[in-house]
There are 2 protein chains.
Amino acid sequence: MAESMLGLKRSHRCAEVVNAPLESEVTVMGWVQKNRNKGGIIFCDLRDRSGILQIIFEEDECGSEVFNKAMKLKQEFCIAVTGLLKKRSGAFNESLETGELEVRATGLRILSESETPPFHIEEDSKTKEELRLKYRFLDLRRPDLQRNLMVRSKVATTTRNFLAENGFLEIETPTLIKSSPEGARDYLVPSRVYPGSFYALPQSPQLFKQLLMVSGYDRYFQLARCYRDEDLRADRQPEFTQIDMELSFVDVDDVLDVNERLLQRLFKDVLNVDVKLPIQRMTWQEAMDRFGSDKPDLRFGMELKDVSSVVANSEFAVFKNALAAGGSVRGINATGQAGMPRKKIDALVEFVKSYRAKGLAYMAIEADGNIKSSFAKFMTEAEIEGLKAAMDAKPGDMLFFAADTNKVVWDTLGALRVELASQLGLLKKDDYRFLWVTEFPLLEWSEEENRFKAMHHPFTAPMDEDWQYIDSDPGRVRAKAYDIVLNGTEIGGGSVRIHQGDVQAKMFDVLGLSKEVAQERFGYLLDAFKYGVPPHAGLAYGLDRVVMLMVEADSIRDVIAFPKVKDASDLMTNAPDRVDDAQLKELGLIIKSEQ
Amino acid sequence: MAESMLGLKRSHRCAEVVNAPLESEVTVMGWVQKNRNKGGIIFCDLRDRSGILQIIFEEDECGSEVFNKAMKLKQEFCIAVTGLLKKRSGAFNESLETGELEVRATGLRILSESETPPFHIEEDSKTKEELRLKYRFLDLRRPDLQRNLMVRSKVATTTRNFLAENGFLEIETPTLIKSSPEGARDYLVPSRVYPGSFYALPQSPQLFKQLLMVSGYDRYFQLARCYRDEDLRADRQPEFTQIDMELSFVDVDDVLDVNERLLQRLFKDVLNVDVKLPIQRMTWQEAMDRFGSDKPDLRFGMELKDVSSVVANSEFAVFKNALAAGGSVRGINATGQAGMPRKKIDALVEFVKSYRAKGLAYMAIEADGNIKSSFAKFMTEAEIEGLKAAMDAKPGDMLFFAADTNKVVWDTLGALRVELASQLGLLKKDDYRFLWVTEFPLLEWSEEENRFKAMHHPFTAPMDEDWQYIDSDPGRVRAKAYDIVLNGTEIGGGSVRIHQGDVQAKMFDVLGLSKEVAQERFGYLLDAFKYGVPPHAGLAYGLDRVVMLMVEADSIRDVIAFPKVKDASDLMTNAPDRVDDAQLKELGLIIKSEQ
């Protein structure tokens, strides 16, 4: 029963009628949100991406043919309505932009009908995500999801315009590239022309953007699709988008400067939020010491304090052993939480186990000054006073301590700090706190592989003053690397790159790549480095995460039109799927189980 | 011997010094184009993406340390120079934007040295493309390639801004999707989670953009990476970029209108070329009849004329047989070419063979009115006069005729027309002639598969008035499809889509897809069509081709930063390549030859 829209032109989107004069004729098109007959008058809420508009069908006004058609309207019918724009005769609806208006219909076409949808289209749907993802085309009609994707679109436009204004060229890099086993797992693409050979999908355009600098493009950017074949977490997708950039003839400050102006513009233009510049900077060492994290959430305090010296002579075995093994004892002060029930404390002890903490020591300073603690009995009076002083503890406060290697202590207290803040309601989503974390270690030791790995990637430049230690004490070398952190989430990161062939070769060596392997994998980069390389640096943002934080969503699936689920499948299309044998034959591939 | 740029800031790009005051100190960075010592003065041409700037090192001015360093400079060294901006003391160089200026150096740092490059960096390089592609990072330093990529960047920015201003949302669609065997060959991506299952890389975002319309996004666009695993031609790449859009609640005119405004803006803002609107429109039938092509080049005339009626009773077997078989006889008039040498004519006869023409009849009307012709002896005087009249032939003209099925005649004369124009130098690259071709046939008969195939794709809407013939005479049904043609190249195309479930089901039926197969392949689309689908339409441009025409390049490889060659390999990185066995094992794949 679909009618054509031949000869009909939409005059406004639903919410745009607020710009039309009263009493003018308008033609609107959209979906029936609801349709009800109240005393012989049909009230129809029409929805499009701009909002909802009330349509009134009265038989006197629209004639019986239109009225009878209107009687048949059901939710999600797609219709076109012509009528007169009027002030509402009934009560205004303040929750709608068009809440003072209504259209008194004179014409109606049913563009297409709808079966009853498997779930109602409404904000903050309570329908199970699995069902909504199967019918993603319906779920995407939800006004909240539509708003998210509109914000995403605006973020993309604003970013591109800002970067173009600042001398960046948008250059596309290939996505059928050479596989590089360093890093995460690649998605592979079999070649038909060369059976047995494969392309990889890029984990990032890293090498290509560096080559563009070698080629003299000076400033590059791209909103680049990237791929990682990893097991998915809540904030990961097999394909994701990076705001990717690279600049020549710059040092750390230049990159940070242009990027904080970009962030300021984005938050102003898209959210009307003011970001004060300069954005705070903190070295990695300070971030770990004060917040136990390389992505500190600055929306609240509860900083870590190192109390190792206070308990240096303690008889408490946990502290003693940790210190003896070269570790530390640190604490945080959960102000005013002395009354925390035992059950909650136990849950926190459980919580920190996933950070490899063997335990969590606590000390409640009750209102009357009494101490309730898991370990006070092992401490001297002086030590207890020392801890209280070091932790700036007042009656009513609750102290938590961890003792272990620095890494475990940081991870434990860093996570505990955020968990407590979350429980205490301190994490306001519309309070945006940015932070640059700088001077990351160049290398980190991999226990699994018994070798140093690059903390960022093998192309990151060392700090000039530290390079002298690359042989004697590699772990001491800091990198010209930086992350941009928003509310405890790393939304982007980058570095100055190595631009000297000899330094790059040394890095590969330190990372355990033989000359032959380095040449085989990155030969073209090493070749390029022979022909005049400019100093260069770059940064990449996870666009999905940035938008997620901007729209205050809990999952990146809420800012991606067609996301995949944990097993990397698409519930709507059923991808991945079996393919025709002929396709595999052309690729020279056999599926193992079917051998 | 790389020096750091610590403490040094670039003040201008090379060509940007034209904006700096004379006698001011500038700091520029770039690559040495050439360096020569002329009578104790060093003239160094410094190059960056903006252009070339002359640097003068005189020992008196820069001191001996800098001067000695400058003596060592070779081509492609990457350097930073500080100095005073002056009017040139020597002759001006009018070919350079900075040709009246020079920088008299006071400081120099060598940021990195360069080996002698395998070829000289210069415009219109004569170096073999294979070598240039192996060293693409050097080839990309060529000013002409840099200009191409800068135009491409501007095209992208301008397109996006125009579309955003016109209510389009930029929405990203997935690239790990379900394989669809209809159409070209898919690139496949093996799934690790489900060994034996595969994703496909999209040939276009077609279904997703239609679903976005179903979801109410109203106007969508994306500069989308697309993939086709086909054997490559000069203007094809395994991965390419589409300017992709879709609109709801529109008909053909709305799509054409917004797109010709987009083209107008693009050519104005990027090339300063005025495109007059409206762009000419022509039905497919008219295009074939007049130009023998569905993408007519309008830069010149030489239109086809149907002379079937003139030779209806001819005794000439070639004409007679073609007409008897239901074909036609048509000709073109190569004005003023009566003197074409026999050798050239023979070459044209050879040329048209690849269009399945069995021959090419010609008739030269010499200056004195005499006829020189391959077939005049078979014609009556009246027929010859009739042909001359029909072809509007004057003394000095050369007529070519083809007789065969309509398709062969069109293809032959359509190609011949362009070939002649090319030989006659009529194809000026900076003369931009746009054309809309409309009302394409919905279906075309596939001799190979002995069935109808969709001429555009299976989602194209038929013209309302023709749908009645879908059973009785499917070939007669025209589609609401349109192509945008520029100078004989199709740069984009699209259609109004089917938005009624029953029509879509019928189309699958006509195309020989059983209900089961249609459900298996496009089930989610058919599902979506149950829930209120808006009338919608779209269009996609081949961005690479658009840019190629705009920069007057001969190959799309000249507008892509890192292109692939005919066998779909990348000569710089050697992709595709073998991968580790462990990677294949995880995917559950075996390479056939290694079984």
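The values are calculated or read from the model by the stated rules, or taken from the named source; none is laboratory data. Since this is a predicted model, take the numbers as computed values, not measurements. Using ideal geometry, Cβ is built from the backbone for each residue, glycine included, and neighbour counts are taken over all protein chains shown. Just the protein is used for accessible areas: all its heavy atoms, side chains included, with ligands, DNA and RNA removed. Shrake-Rupley method; radii C 1.70, N 1.55, O 1.52, S 1.80 Å.
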Each label sits 7 Å from Cα toward the beta-carbon; between A:Leu277 and A:Lys377 the label points are separated, in nm, by 5.9 nm
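Longest exposed-loop-site-free stretch of chain B, with chymotrypsin sites (Phe, Trp or Tyr not before Pro), DSSP loop and at most 16 other Cβ within 10 Å? Don't skip to the end; give the middle numbers.
On the way: sites that count: B:Phe92, B:Phe119.
Answer from the scan: B:120-595.
Could you work out the percent of alpha carbon pairs in segment A:3-64 separated by over 12 Å, rounded to a whole number?
Details: 1351 of 1891 pairs.
Looking at segment A:3-64, the distances longer than 12 Å represent 71 percent of pairs.
Per residue of A:164-170, what is the mean number of Cβ atoms on other protein chains within 10 angstrom of that residue's Cβ?
On the way: counts 7, 1, 0, 4, 1, 10, 10.
So the per-residue partner count for this stretch is 5.
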Enumerate by residue number the GluC sites (Glu not before Pro) in segment B:46-96 meeting two conditions: DSSP loop (anything except H, G, I, E, B), and at most 16 other Cβ atoms within 10 Å of the site's Cβ.
B:Glu58, B:Glu94
Rounded to the nearest Å, the spacing of the alpha-carbon centers of segment A:244-302 and segment A:9-58 is 45 Å
In Å³ and rounded to a whole number, note down the convex hull volume per residue for the Cα atoms of segment B:231-323.
219 Å³
Please report the antiparallel percentage of DSSP beta bridges with both residues in chain B, rounded to the nearest 5.
95 percent
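I'd like the carbon and sulfur percentage of the solvent accessible area for chain A, probe radius 1.4 Å, heavy atoms only, ligands and nucleic acids excluded.
48 percent
Quick one: dipole size for the protein assembly as shown, taken about the Cα centre, charges +1 on Lys/Arg Cβ and -1 on Asp/Glu Cβ, in debye to the nearest 20.
220 debye
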If R0 is 60 Å, what FRET efficiency do you get for A:Arg451 and B:Lys268 from their C-beta distance, rounded to 0.05?
0.55
Specify the inter-centroid distance of segment B:168-188 and segment B:436-455, based on alpha-carbon positions, in whole Å.
22 Å
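Return the average number of partner chain Cβ atoms within 10 angstrom of each residue Cβ along peptide B:522-530.
What the average comes to for B:522-530 is 4.
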With a cap of 12 neighbouring Cβ atoms within 10 Å, and only residues DSSP puts in a loop, list the GluC sites (Glu not before Pro) found in segment B:431-537.
B:Glu447, B:Glu448, B:Glu449
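Explain nothing, just the number: dipole magnitude of segment A:370-448 about its Cα centre with +1 on each Lys and Arg Cβ and -1 on each Asp and Glu Cβ, in debye rounded to the nearest 20.
Numbers: 9 positive and 14 negative charges, 92 e Å.
For this selection, approximately 440 debye.
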Using a ≥ b ≥ c from the Cα gyration tensor of segment B:436-595 (square roots of the eigenvalues), is it rounded, prolate or oblate, where a/c under 1.5 gives rounded and otherwise the larger of a/b and b/c decides, a/b for prolate?
oblate
Write down the Å³ per residue value for the convex hull defined by the alpha carbon atoms of the protein assembly as shown.
232 Å³
Restricted to the protein assembly as shown, the DSSP antiparallel beta bridge percent, nearest 5, is 95 percent
Quick calc, A:Phe119 & A:Met71: beta-carbon distance into FRET formula, R0 30 Å, rounding 0.05, result 0.75
From Cα pairs below 8 angstrom and at least 6 apart in sequence, can you work out the relative contact order of segment B:300-427, rounded to a whole percent?
37 percent
Leaving out ligands and nucleic acids, and using a 1.4 Å probe, what accessible area per residue does chain B come to in Å²?
41 Å²
Ratio of Rg to Rh for chain B, alpha carbon only, Kirkwood?
1.05
For chain A, what is the mean residue ellipticity at 222 nm derived from helices alone (per DSSP H run of n ≥ 4: -39500 (n - 2.57); sum divided by total residues; nearest 500 deg cm²/dmol)?
-8500 deg cm²/dmol
How many angstrom lie between the Cα centre of segment B:372-403 and the Cα centre of segment B:493-521?
48 Å
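Against the empirical 2.2 N^0.38 Å scaling, what ratio does the C-alpha Rg of segment B:300-427 come to? Kindly include the intermediate steps, with their values, before the conclusion.
On the way: Rg = 13.3 Å, N = 128, 2.2 N^0.38 = 13.9 Å.
Compared with the compact-globule rule of thumb, segment B:300-427 sits at 0.96.
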May I ask for log10 I(q)/I(0) of segment A:306-380 at q = 0.11, 0.15, 0.19, 0.26 Å⁻¹, from a Debye sum over the Cα atoms as equal point scatterers with solvent left out?
-0.30, -0.57, -0.92, -1.39
Dipole moment magnitude, nearest 20 debye, segment B:33-133 about Cα centre, only Lys, Arg, Asp, Glu C-beta charged
140 debye
Values of log10 I(q)/I(0), in the order q = 0.19, 0.22 Å⁻¹, for segment B:14-112 under a Debye, Cα-only, solvent-free model:
-0.82, -1.15
I'd like the FRET efficiency for A:Lys515 and A:Arg476, computed as 1/(1 + (r/R0)^6) with the beta carbon distance as r and R0 of 30 Å, rounded to 0.05.
0.75
Extension gain B:Ser64-B:Glu182, at 0.36 nm per residue separation less the Cα-Cα distance, in nm?
35.3 nm
Enumerate by residue number the trypsin sites (Lys or Arg not before Pro) in segment A:128-182 meeting two conditions: DSSP loop (anything except H, G, I, E, B), and at most 15 other Cβ atoms within 10 Å of the site's Cβ.
A:Lys128
Total accessible area buried between chains A and B, 1.4 Å probe, in Å² to the nearest 100?
11200 Å²
Give, as ranges by residue number, the residues of segment A:76-97 whose backbone N falls under 19 Å from the point 7 Å along Cα→Cβ of A:Glu25.
A:80-87
Within a 10 angstrom radius of each residue's Cβ in B:137-143, how many Cβ atoms of other chains show up on average? Whole number is fine.
6
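Determine the gain in length on full extension of the stretch B:Phe92-B:Leu232; use 0.36 nm per residue of separation and subtract their C-alpha separation, reporting nm with one decimal.
Values: separation 140, 0.36 × 140 = 50.40 nm, distance 4.67 nm.
Full extension from B:Phe92 to B:Leu232 adds 45.7 nm.
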